[in-house]
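The values are calculated or read from the model by the stated rules, or taken from the named source; none is laboratory data. All of these numbers come straight from a predicted model, not from anything done at the bench. Using ideal geometry, Cβ is built from the backbone for each residue, glycine included, and neighbour counts are taken over all protein chains shown.
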Amino acid sequence: MKQYDYLVVGAGLFGSTFAHEAKQKGKKVLVIDKRAQIAGNVYTKKVEGINVHQYGAHIFHTNNKKVWEYVNQFIEFNRFTNSPVANYKGELYSLPFNMYTFNKMWGVVTPQEAKEKIESQKKEAGITEPKNLEEQAISLVGYDIYEKLIKGYTEKQWGRDCKDLPSFIIKRLPVRLTFDNNYFNALYQGIPVGGYTKMVEKMLEGIEVRLEEDYLAKKDEYDALADKVVYTGAIDAYFDYQLGNLEYRSVRFENELLDIPNFQGNAAVNYTDRETPWTRIIEHKWFEFGKDEEGNDLPKTVISREYSSEWKPGDEPYYPVNDARNTNLYQEYKKLADKEENIIFGGRLAEYKYYDMDAVIASALACAEKELG
Ligand code: UDP
């Protein structure tokens, strides 16, 4: 008889969802994480009354009603709507690409005029079947927007030429012929009131959690504790990189506490030119309307500049780089994973997938249902 039914490696959204479901089904669960805190990359830390998204800004958005209801059982969500602003060499544009953007870029006033402008730029570029991100972007929004709002940002973000990137990345962004600055096409959107850490604490309520525990360093010891393992770490690390490294993009954050109440007037400003070294600046208080829990205006503000870099061992892995090499390499690792017994691989790092939060929760719920019935 082992001590636990499940050992969950990683207290991020996949691990915490699975752990919660297993506990609900009466299973004995142990969650471990190598960090000193729970919540994976959605971890938020309170600084001067402001919940700072320590591992990058996270805005919860979903069309999946089941997932929305699921997260709402743990915490209340505010009505935050993501409307980032693009700063191209001091020119400001609305995102995602919509009538405000088109009006500022071209002076067009009606949707028909905007459509014609995009069509004519697409025609000029001679693209019929977009083969990469550059061609996909030009076909969606035309050459000018590609040049000013996409090319520089994307090349900084991914460290690769837009011609060498898959087109699906840009399809994440809506293009609208309406005056709507809502970045996400989602029925439900918001930020947990009090921060994501509070939400994950709720998910893990009543479950044993051990922090600063490195599973791979003491694998045999941990495996002896539980009948089954749910592993949410990097799949290549699990197999000791035996087939080679999967590539990631990493992000470095430069946080600053400023003695002013309002730095940029918006949660996210993207710097879309190639020369500015950061990709965007996040001003965390605007995720929560700049007020503390008592409703007082906050006199200070915390901003984070984001710098994107190629991942190297020791860095935090953020975005999987889904190009041909990595996709094939992941498939090889997946074959090894399928042969492992009593272990489930799930989440962004273990499935090497550019997951949004709602998708990772949906995937953990499906996994739990399959596993626990
Ligand atoms: N993107 C862009 N300009 C912007 C914002 C996004 O070109 O101002 C492109 C870029 O290629 C990026 C992709 O759209 O990688 C997806 O952006 P998203 O905001 O979804 O990225 P995330 O929030 O996941 O970092």
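Hey, among the residues in segment 89-120 that are buried (at least 19 other Cβ atoms within 10 Å of the Cβ) and assigned to a strand (DSSP E or B), which one's farthest from the chain's Cα centre (by Cα)?
Among those residues, the one meeting the criterion is Tyr93.
For segment 121-157, enumerate the residues that are within 24 Å of the chain's Cα centre (by Cα) and either small (Gly, Ala, Ser) or farther than 24 Å from Gly90 by Cβ (or both).
Hits for segment 121-157 are Asn132, Leu133, Glu134, Gln136, Ala137, Leu140, Gly152.
Go through segment 325-358 and give me each residue that's under 15 Å from Phe239 (Cα atoms), small (Gly, Ala, Ser) and within 16 Å of the ligand (Cβ to nearest atom).
none
What are the residue pairs meeting all of these: first residue in segment 67-96, first residue closer than 22 Å to Phe289 by Cβ, second residue part of a loop (DSSP other than H, G, I, E, B) and more than 16 Å from the ligand (Cβ to nearest atom), Cβ atoms under 8 Å, and 6 or more apart or on different chains?
Trp68/Leu187; Ile75/Val193; Ile75/Gly194; Glu76/Val193; Phe77/Val193; Asn78/Val193; Asn78/Phe289; Phe80/Phe289
From Lys370, Lys353, grab the single residue that is assigned to a loop (DSSP other than H, G, I, E, B) and either over 19 Å from Tyr70 (Cβ atoms) or modelled with pLDDT of 95 or more (or both). I'd like the intermediate steps shown before the answer.
Values: Lys370 fails: assigned to a loop (DSSP other than H, G, I, E, B).
Step by step, each of Lys370, Lys353 is checked, and only Lys353 is assigned to a loop (DSSP other than H, G, I, E, B) and either over 19 Å from Tyr70 (Cβ atoms) or modelled with pLDDT of 95 or more (or both).
Can you tell me how many residues in segment 173-211 are within 26 Å of Ala86 (Cβ to Cβ) and loosely packed, with under 15 Cβ neighbours inside 10 Å? Before the answer, list the steps.
Within segment 173-211, the first condition is being within 26 Å of Ala86 (Cβ to Cβ), and the residues that meet it are 173-191, 196.
Going one step further and asking which of them are loosely packed, with under 15 Cβ neighbours inside 10 Å, we end up with 178-179, 185, 187.
Total meeting the criteria: 4.
Inside segment 60-80, can you point out the residues that are within 16 Å of the ligand (Cβ to nearest atom) and either in contact with a His (Cβ under 9 Å, 6 or more places away or on another chain) or in a strand (DSSP E or B) (or both)? Even if it seems obvious, please write down each step before you answer.
As a first pass, look at segment 60-80 and keep what is within 16 Å of the ligand (Cβ to nearest atom): 60-63, 80.
Phe60, His61, Thr62, listed by residue number.
Any residue at all in segment 118-129 that is within 12 Å of the ligand (Cβ to nearest atom) and of a type outside the set (Ser, Thr, Tyr)? Walk me through it before giving the result.
Start the filter on segment 118-129 by keeping residues that are within 12 Å of the ligand (Cβ to nearest atom), which leaves none.
No: zero hits.
For Glu341, are the conditions met, namely being free of Cβ contacts under 8 Å to residues at least 60 places away in the same chain and surrounded by fewer than 19 Cβ atoms within 10 Å (Cβ to Cβ)?
Criteria met by Glu341.
Could you please tell me which pairs satisfy a Cβ distance under 7 Å, a separation of 6+ or placement on different chains, a first residue in segment 100-126 that is within 22 Å of Pro84 (Cα to Cα), and a second residue that is of a type in the set (Phe, Trp, Tyr)?
What qualifies is Tyr100/Phe179; Thr101/Tyr93; Lys104/Tyr93; Met105/Tyr93; Val108/Phe102; Ala114/Phe102.
Condition check: surrounded by fewer than 22 Cβ atoms within 10 Å (Cβ to Cβ) and assigned to a helix (DSSP H, G or I). Does Glu134 satisfy that? Spell out the reasoning first.
Values: surrounded by fewer than 22 Cβ atoms within 10 Å (Cβ to Cβ): no; assigned to a helix (DSSP H, G or I): yes.
It is false that Glu134 is surrounded by fewer than 22 Cβ atoms within 10 Å (Cβ to Cβ) and assigned to a helix (DSSP H, G or I).
Go through segment 45-54 and report how many residues are surrounded by 19 or more Cβ atoms within 10 Å (Cβ to Cβ) and in a loop (DSSP other than H, G, I, E, B).
1
Restricting the search to segment 137-190, which residues are in contact with a helix residue (DSSP H, G or I) (Cβ under 7 Å, 6 or more places away or on another chain), within 8 Å of the ligand (Cβ to nearest atom) and under 30 Å from Asn72 (Cβ atoms)?
Ile169
Please enumerate the residues belonging to segment 285-307 that are within 16 Å of the ligand (Cβ to nearest atom) and surrounded by fewer than 17 Cβ atoms within 10 Å (Cβ to Cβ).
The answer is Tyr307, and nothing else.
How many residues are among the β-branched types (Val, Ile, Thr) and either over 21 Å from the mean Cα position of the chain (by Cα) or in a loop (DSSP other than H, G, I, E, B) (or both) when one looks only at segment 286-318? First the steps, then the outcome.
Start the filter on segment 286-318 by keeping residues that are among the β-branched types (Val, Ile, Thr), which leaves 301-303.
With either over 21 Å from the mean Cα position of the chain (by Cα) or in a loop (DSSP other than H, G, I, E, B) (or both) added as a condition, the list becomes 301.
Qualifying residue count, segment 286-318: 1.
All but one of (1) at positive phi; (2) modelled with pLDDT under 95 hold for Gly206, so report the exception by its number.
Just one mismatch for Gly206, condition (2).
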